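The values are calculated or read from the model by the stated rules, or taken from the named source; none is laboratory data. It should be emphasised that the depicted structure is a prediction, and the values quoted were computed from it without experimental measurement. In this analysis, Cβ positions are derived from the backbone assuming ideal geometry, glycine residues included, and neighbour counts consider all displayed protein chains. When the accessible area is computed, the model is the full protein with side chains, heavy atoms only, and any ligands, DNA or RNA have been set aside. Shrake-Rupley method; radii C 1.70, N 1.55, O 1.52, S 1.80 Å.
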Amino acid sequence: MRIIFVGTVNFSLQLLQTAIDERFDIVGVVTSSDKSINADYSELKPICDLHHLPTIAVTDINSSQSLNWVRAKSPDLIFCFGWSRLIKAELLQIPRYGVVGYHPSALPRNRGRHPVIWTLILGLRETASSFFIMDEGVDSGDIISQKWVKVTANDDALSLYDRLVKTAKIQLIDLHKEFQSGSIKLEPQRHDESNIWRKRTMDDGKIDWRMSAKSIYNLVRGLTYPYVGAHFCYEQEVYKVWRARKVKCCNYEHLEPGKVLEYTNSGAFIVKCGVDSIELLEVRPTLHVRVGDYL
């Protein structure tokens, strides 16, 4: 089965490595050299060069050049993982078995942008690793594999990302076998149960100390590595918070949000929130404040 692989992020790289290890018949790889679109961008060309895989870097995957390159490879199947740009019907119709997409959410719920980030920011307790046959909609095609993934209170973007990758690798191997044997099962999505998450903005990552400690904690863990980090401004400088911990208020209920309450033995400091307090465990650049200061 002749396969073209499309992707440009860390998730793409890891699943491409799995496909190589499992000796999938990869006849070409489509990627991008534009690092500005994805915070978790990964270069695929080095691994392709190492394994002598034909590669093309495109800015428009729907261009005549891209379409002609794909057609020339005569793919039976396209795997498209970690590609945030629109794929149009002309490309979707090239491979015999269609284009397989991936979305780390419990489709049909939570289609759209930044699913790992929104899952954590919203404090969801579970998500899913979902493969589907792509159509012209937003993550709306028939599901071919879906596995539930628990989200713990201690998860952050990196740990949840890693768990989703591990789950997806197992699914990918099984899906390849099912395509080869002709046993793939399609499950149409219930579109009346769907919602689409919007694109995140910089303002979505800004900490407002009037938020509850729980909400700030979820914001920090959702935007930590490999993403851009939650931030706040102090004396006209932007600071990123990469790790934080919720702290119950003890005799601080009468104090205003944003006040620095105390330093801990580790050098971290605790800030009053709208509800409870938050310990800022990793802030960059290093912030020098005193107890009693307001952020």
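Okay, here's what the table says:
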{"item": "Per DSSP, loop trypsin sites (Lys or Arg not before Pro) in the range 222-295 with at most 15 further Cβ within 10 Å", "result": "248, 290"}
{"item": "Cα-centred dipole magnitude for the range 146-203, charges only on beta-carbon of K, R (+1) and D, E (-1), debye, nearest 20", "result": "120 debye"}
{"item": "Exposure of residue 59 as accessible area (Å², to 10), given a probe of 1.4 Å and all protein chains", "result": "120 Å²"}
{"item": "Helical contribution to [θ] at 222 nm, DSSP H n ≥ 4, -39,500 (n - 2.57), averaged over the chain, rounded to 500", "result": "-7500 deg cm²/dmol"}
{"item": "Amide hydrogen neighbours beyond the local backbone of residue 243, cut-off 5 Å, H modeled", "result": "281, 282"}
{"item": "Solvent-accessible surface ranking, highest first, for 254, 103 at 1.4 angstrom", "result": "254, 103"}
{"item": "Reach of residue 73 by Cα under 16 Å, taken over lysines that are not fewer than 8 positions away in the same chain", "result": "none"}
{"item": "Residue 35 accessible area, 1.4 Å probe, all protein chains in place, Å² to nearest 10", "result": "140 Å²"}
{"item": "DSSP beta bridges in the range 67-149 [antiparallel fraction, %, rounded to 5]", "result": "75 percent"}
{"item": "Kirkwood Rh in Å, taken over all unlike Cα pairs in the range 166-285", "result": "17.4 Å"}
{"item": "Taking the chain and dividing mean pair separation by its residue count, relative contact order in percent (alpha carbons under 8 Å, at least six apart)", "result": "14 percent"}
{"item": "Relative contact order for the range 55-102, counting Cα pairs under 8 Å that sit 6 or more residues apart, in percent", "result": "41 percent"}
{"item": "Within the range 1-119: Cβ-based charge dipole about Cα centre, in debye rounded to nearest 20 (Lys, Arg +1; Asp, Glu -1)", "result": "380 debye"}
{"item": "Separation of alpha-carbon centers, the range 22-71 and the range 78-150, rounded to whole Å", "result": "19 Å"}
{"item": "Angle in degrees between helix 157-181 and the longest Cα principal axis of the chain, rounded to the nearest 10", "result": "10 degrees"}
{"item": "Cα shape, the range 1-90, gyration tensor, a/c 1.5 rule", "result": "oblate"}
{"item": "Cβ-based charge dipole, the chain, positive-most Cα from 6, 97, 157", "result": "157"}
{"item": "Heavy atoms of residue 202 accessible to a 1.4 Å probe, total area in Å² rounded to 10", "result": "120 Å²"}
{"item": "The chain: antiparallel DSSP beta bridges as a percent of all, rounded to 5", "result": "65 percent"}
{"item": "Whole-number percent relative contact order across the range 179-274, with pairs defined as alpha carbons under 8 Å at least 6 apart", "result": "23 percent"}
{"item": "Normalised per residue, the volume of the convex hull around the Cα set of the chain (Å³)", "result": "141 Å³"}
{"item": "Carbon/sulfur fraction of accessible area - the chain, other protein chains in place, 1.4 Å, %", "result": "49 percent"}
{"item": "Cα centre as origin, Lys/Arg/Asp/Glu Cβ charges: the chain dipole, Debye", "result": "220 debye"}
